[in-house]
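**Q** Structure provided below as structure tokens; questions to follow.
The values are calculated or read from the model by the stated rules, or taken from the named source; none is laboratory data. Quantities reported herein were computed from a predicted structural model and do not represent experimental measurements. A quick note on method: Cβ atoms are made from the backbone with ideal geometry, for glycine too, and the neighbour counts reach across all protein chains shown.
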Amino acid sequence: MSLVAEAFVTQLAEEQILLSDNASSLAVQAFLQMCNLPVRVVCRANAEYMSPSGKVPFIHVGNQVVSELGPIVQFVKAKGHSLSDGLDEVQKAEMKAYMELVNNMLLTAELYLQWCDDVTVEEITHPRYGSPYPWPLNRILSYQKQWEVRRKMKAIGWAGKTLEQVLEDVDQCCQALSQRLGTQPYFFNKQPTELDALVFGHLFTILTTQLTTDELSEKVKNYSNLTAFCRRIEQQYFEGHDKDSSTTVAARSAKRSLLR
Amino acid sequence: MGGPDFGALGEEAELVEVEPEAKQEILENKDVVVQHVHFEGLGRTKDDIIMYEISDVFKAKNLIDVMRKSHEAREKLLRLGIFRHVDVLIDTCQGDDALPNGLDVTFEVTELRRLTGSYNTMVGNNEGSMVLGLKFPNLFGRAEKVTFQFSYGTKETSYGLSFFKPQPGNFERNFSVNLYKVTGQFPWSSLRETDRGISTEFNFPIWKTNHTLKWEGVWRELGCLARTASFSVREESGHSLKSSLSHAMVIDSRNSSILPRRGALLKINQELAGYTGGDVSFLKEDFEFQLNKQLIWDSVFSASLWGGMLVPIGEKPSSIADRFYLGGPTSVRGFSMYSIGPQSEGDYLGGEAYWAGGLHLYTPLPFRPGRGGFGDLFRTHFFLNAGNLCNLNYGYVMVFSLEQESDFYNTETFLHHFMKPCSVIEIKTIMYLNVV
């Protein structure tokens, strides 16, 4: 059974989107491409508020709205498409564990860098986040979001960490991923799974987004099999595809070219 | 309570030895001069605003006039909202400089306390809330008023702070500054709206009309009320900032605003948003007209007409929070609350233009039960309502902006696009007997 009509992934507009949201969106796009499902990407300034859970991206299929990668995977599975059917129970558990690792480490590190590192906050995050809104709303919304993220960081114990410690954590996470990937094309050998989509989303975004420092992307670049993995997935699923999604990906990579 | 103290006057009349038969003459024909006006009980109220309100009393020429002008002054003082009681005493003048026909008028006033409060609990519609009100009347002595209201409910919290200052001597001319946060739930659109705003307004009368000029800045946050909200409503979620200037004019010649018997009402309201900041840009016009006429047998015939239009300026479409809504017991009966017009999956989205009208006939109850007492509180209400709400499809007129006004002096093209039929028209006429 195929999905009714087209799903479109709604995310924030190009000048507004932040690193973490971009990574999540790209992961969902990669996943849907891997399932061979047509996707139309729509950018809205208020996508975050449109989403039922408050997080981007979300897909709108028919009259249903589903947000975040986990529920989207479930939803797509219910419609009859799944990438992880070929895995046995042990492998499925392992996949879940690695996905949790990426969410807890990489995503949180991205959030930390965006909202808790003062330099990045001032120069990149505040101008971008508030760009669609007029003064004073842009400042109010930025500060509100920052306060919320910092409170979350405090709750999970990251508030006390320094940038170096966070980068160390990122390094460890990349090491674990690199070891698991080894020389295989995908994490579970022949076929891509949602784990591949998630890892691709985060790593590609980290590698291609220009921030105030290059330290984050340098940590990822240390692992050549990870960069090769990203390049492979980009070539296979995003180039030679229709204009829409490849332009989006290409626009992002224009900030810093991965294929050098 | 009002009017002079006849007891005192009677005593004085005896002392000056006027024949009883001439008493009638004193009351109606004798010329008097108001020599002094005293005030007792003033505390923090400043003298200058009092002077304006009572200046007319000095101009009275005979006793009836003095009584009438004192009564009017009393009404004016009460309307300032700074006194709890105002009593008037009219007495003949005593003292060395007293003229034979001199009068003293004394106003005995009790000022309101510096702080009054109220506390209410409200329960209804699945929500309970506690409402706390604080009022500081006559804050600096010139009838300034600060009110604060705070409502804490199980679902929503809202508050408002307002400062009001009239012009001394011209109470109808006043200005006020308001700060508020208001939340509303609109189940007919599956929409939740939170408004945080600040507004300043000036009220002033010109001849028989009342005008209000207002600037308002509102931070609006829209959200879906339920997961089942339609996608069109979901698309409107988010934040916007509206900064608008508005002007309202009211001419009201009715004898009462509730169940009027005669007179007419005309309200015209316009709002221009976007030129003082914010990201919402539109021009909004609406009017309300009502005419009442008394007929035979104590019946009242009433006709009313409302209409309005919202023109977005620029390329952005109008927001659901700015559009008009129609329907319900207060506008077009026969429809659920605000459930007329464009909709999507059961959620009513509001419209950019509307008109509604009604013809009403109020009569006493048939056979007039309880006449002269309880029965007079009830009326029979015949009515005929009609209305329409739609969006205007402008076509090329969509890129309307004030700078390009010259394009639309080609009236023919403009009207052609303007009068394009609305995509959905809903007109319903109902007529039934309603005991009000």
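**Q** For B:Gly375, indicate whether it is closer than 30 Å to B:Leu283 by Cα and either hydroxyl-bearing (Ser, Thr, Tyr) or free of Cβ contacts under 8 Å to residues at least 60 places away in the same chain (or both). So that I can check it myself, show each step before the final result.
**A** Details: closer than 30 Å to B:Leu283 by Cα: no; either hydroxyl-bearing (Ser, Thr, Tyr) or free of Cβ contacts under 8 Å to residues at least 60 places away in the same chain (or both): yes.
No.
**Q** Which of the residues spanning segment A:128-152 are touching a Ser or Thr at 6+ places or on another chain (Cβ under 9 Å) and within 8 Å of chain B (Cβ to nearest Cβ)?
**A** Selection gives A:Tyr133, A:Pro134, A:Leu137.
**Q** Quick one: is B:Glu236 more than 14 Å from chain A (Cβ to nearest Cβ), surrounded by 15 or more Cβ atoms within 10 Å (Cβ to Cβ) and touching a residue at least 24 places away in the same chain (Cβ under 8 Å)?
**A** Working: more than 14 Å from chain A (Cβ to nearest Cβ): no; surrounded by 15 or more Cβ atoms within 10 Å (Cβ to Cβ): yes; touching a residue at least 24 places away in the same chain (Cβ under 8 Å): yes.
The answer is no for B:Glu236.
**Q** Is it fair to say A:Trp158 is touching a helix residue (DSSP H, G or I) at 6+ places or on another chain (Cβ under 8 Å) and more than 14 Å from chain B (Cβ to nearest Cβ)? Break it down into steps so the answer makes sense when it comes.
**A** Numbers: touching a helix residue (DSSP H, G or I) at 6+ places or on another chain (Cβ under 8 Å): yes; more than 14 Å from chain B (Cβ to nearest Cβ): yes.
The answer is yes for A:Trp158.
**Q** Ok, one more. So which of B:Lys76, B:Lys23, B:Lys69 ends up being at pLDDT below 85, surrounded by 12 or more Cβ atoms within 10 Å (Cβ to Cβ) and in contact with a helix residue (DSSP H, G or I) (Cβ under 9 Å, 6 or more places away or on another chain)?
**A** Details: B:Lys76 fails: at pLDDT below 85; B:Lys69 fails: at pLDDT below 85.
Sole residue among the options that is at pLDDT below 85, surrounded by 12 or more Cβ atoms within 10 Å (Cβ to Cβ) and in contact with a helix residue (DSSP H, G or I) (Cβ under 9 Å, 6 or more places away or on another chain): B:Lys23.
**Q** Could you please give the count of residues in segment B:282-325 that are assigned to a strand (DSSP E or B) and closer than 21 Å to B:Ser257 by Cβ? Don't jump to the end; show me each part of the working.
**A** Here is the first cut: in segment B:282-325, the ones assigned to a strand (DSSP E or B) are B:282-294, B:300-312, B:324.
Still in the running and closer than 21 Å to B:Ser257 by Cβ: B:286-294, B:300-308.
The number of residues fulfilling the criteria is 18.
**Q** Within segment A:78-92, is even one residue touching a Pro at 6+ places or on another chain (Cβ under 7 Å) and among the hydrophobic types (A, V, I, L, M, F, W, C)?
**A** Initial filter on segment A:78-92 (touching a Pro at 6+ places or on another chain (Cβ under 7 Å)): A:83.
Filter once more, keeping what is among the hydrophobic types (A, V, I, L, M, F, W, C): A:83.
The answer is yes, given that some residue of segment A:78-92 is touching a Pro at 6+ places or on another chain (Cβ under 7 Å) and among the hydrophobic types (A, V, I, L, M, F, W, C).
**Q** Something else: Collect the residues in segment B:207-231 that are away from chain A (no Cβ under 14 Å) and surrounded by fewer than 17 Cβ atoms within 10 Å (Cβ to Cβ), keeping them in residue-number order. Working first, answer last.
**A** Residues of segment B:207-231 that are away from chain A (no Cβ under 14 Å), as a first pass: B:207-216.
The answer is B:Trp207, B:Lys208, B:Thr209, B:Asn210, B:His211, B:Thr212, B:Leu213, B:Trp215.
**Q** Given the structure, is A:Lys79 over 17 Å from A:Pro192 (Cα atoms) and of a type in the set (Lys, Arg)? Break it down stepwise before answering.
**A** Numbers: over 17 Å from A:Pro192 (Cα atoms): yes; of a type in the set (Lys, Arg): yes.
The answer is yes for A:Lys79.
**Q** Still on this structure, I have one more. Is it the case that segment A:30-47 has a residue that's within 14 Å of chain B (Cβ to nearest Cβ), modelled with pLDDT of 85 or more and either under 15 Å from the mean Cα position of the chain (by Cα) or in a helix (DSSP H, G or I) (or both)?
**A** yes
**Q** Let me ask something else. Hey, among the residues in segment B:51-66 that are of a type in the set (A, V, I, L, M, F, W, C) and surrounded by 15 or more Cβ atoms within 10 Å (Cβ to Cβ), which one's farthest from the chain's Cα centre (by Cα)? Show your work before the answer.
**A** If we filter segment B:51-66 for residues that are of a type in the set (A, V, I, L, M, F, W, C), which is where we start, we get B:51, B:54, B:57-58, B:60, B:63-64, B:66.
Filter again for surrounded by 15 or more Cβ atoms within 10 Å (Cβ to Cβ), leaving B:54, B:57, B:60, B:63, B:66.
Working: B:Ile54: 26, B:Val57: 30, B:Ala60: 33, B:Leu63: 37, B:Val66: 32 Å.
Among residues in segment B:51-66 that are of a type in the set (A, V, I, L, M, F, W, C) and surrounded by 15 or more Cβ atoms within 10 Å (Cβ to Cβ), the one farthest from the chain's Cα centre (by Cα) is B:Leu63.
**Q** So which residues in segment B:32-71 are part of a loop (DSSP other than H, G, I, E, B) and more than 29 Å from B:Phe136 (Cα to Cα)?
**A** The initial filter retains those residues of segment B:32-71 that are part of a loop (DSSP other than H, G, I, E, B), namely B:32, B:41-46, B:60-61.
If the condition is that a residue be part of a loop (DSSP other than H, G, I, E, B) and more than 29 Å from B:Phe136 (Cα to Cα), then B:Val32, B:Ala60, B:Lys61 are the ones that fit.
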